[in-house]
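The next block holds one structure in the form of structure tokens; read it before the comments.
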Amino acid sequence: MVRDTSGERLFRYRRGPDHRHYLICTECGLSRPVDSGPVEQWADTIAQTSGFANVRHTVELSGVCPDCGRRHTAAERR
Ligand SMILES: [Zn+2]
Ligand SMILES: [Zn+2]
């Protein structure tokens, strides 16, 4: 059995290519990665200025994708 150390936890949290935010369609469930640069910078700044350690964030964007939007428009017009 391998025990977690706080060091490993810190390492695991380190931001990598797999850290992404997604825009999720509430109609069909489609999700696409979005550019979160400003969010990451903001989070980093907050972490640095607050003195908090291991600051993490969750950002989720949801809406209706273009395909579903078109479907709605078509249905309304008939
Ligand atoms: Zn959709
Ligand atoms: Zn992020």
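The values are calculated or read from the model by the stated rules, or taken from the named source; none is laboratory data. Keep in mind that what you see is a predicted model, and the values were worked out from it rather than measured. Cβ placement follows ideal geometry from the backbone for every residue including glycine, while neighbour counts extend to all protein chains displayed. Protein only, heavy atoms only, side chains kept; ligands, DNA and RNA dropped before computing areas. Shrake-Rupley method; radii C 1.70, N 1.55, O 1.52, S 1.80 Å.
Name the residue that is farthest from the chain's Cα centre (by Cα), counting only residues in segment 16-37 that are away from ligand 1 (no atom under 16 Å from the Cβ) and either open to solvent by less than 90 Å² (accessible area, probe 1.4 Å) or closer than 30 Å to residue 71 by Cα (or both).
Going through the qualifying residues, I end up with 16.
Could you check segment 17-45 and list, in sequence order, the residues that are away from ligand 2 (no atom under 12 Å from the Cβ) and of a type in the set (Val, Ile, Thr)?
Passing the criteria: 24, 26, 45.
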